[in-house]
1. Kirkwood Rh over alpha-carbon pairs of segment 26-69, then Stokes-Einstein at 4 °C and 1.567 mPa s: what D in µm² s⁻¹, rounded to an integer?
2. For segment 1-107, what is one quarter of the convex hull surface built on the Cα atoms, given in nm²?
Amino acid sequence: MADSLFYLFAFFTVACAVGVVANKNAVNAAMCLMLCLMGIASLFVLLDAYLLAALLVLVYAGAVVALFLFIVMLLDMQGGVKRPFKKMTAVASVASLALMLVGVTMIKTRGQLSSLPAPVGTTAPVGAVLKNYAELLFTTYLLPVQVIGFLLLIAMLGVIVLSKKFAGMGDIK
């Protein structure tokens, strides 16, 4: 069951990533990015990394994509005519094929790696791990977290000031 869910979420994530790259409309590309991040979060859930999945949904899929959409709508970007880059398409195709070849090779050698002994030790309960994260966050890493929060606040205020400045200037194009 877990394997089929992995393949389903992996296909969904890759399809949304292709939608981000192939979409001409910036708003649709940002929405595909949000769906791609949700697919990655579901893969984290399959790995029992619930904290990473929740942080990915809250920070990236929630805040960063909302900021992207706000900026795209603020700048009123229109999907222009894209010129084909034949060299870049060829390089991207070769790199994609190489990456798929490496993935297939790793899947085929997985049977050889499964004969390794399991790691010794017990895993801590989920609550204890979250408590350790919280203790580190509010003791050791308190200053960096507050600095990042302050920088995000300054960025948000800057966007508001810029949007007010552009809104007051009339229709400039």
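1. Details: Rh = 10.3 Å.
Using the Kirkwood radius from Cα pairs, D works out to 126 µm²/s.
2. Numbers: hull surface 32.2 nm².
Its average projected convex-hull area is 8.1 nm².
A short reminder: the numbers here are calculations on the coordinates, not readings from a lab. Note that this is a predicted model, so its numbers are computed, not measured.
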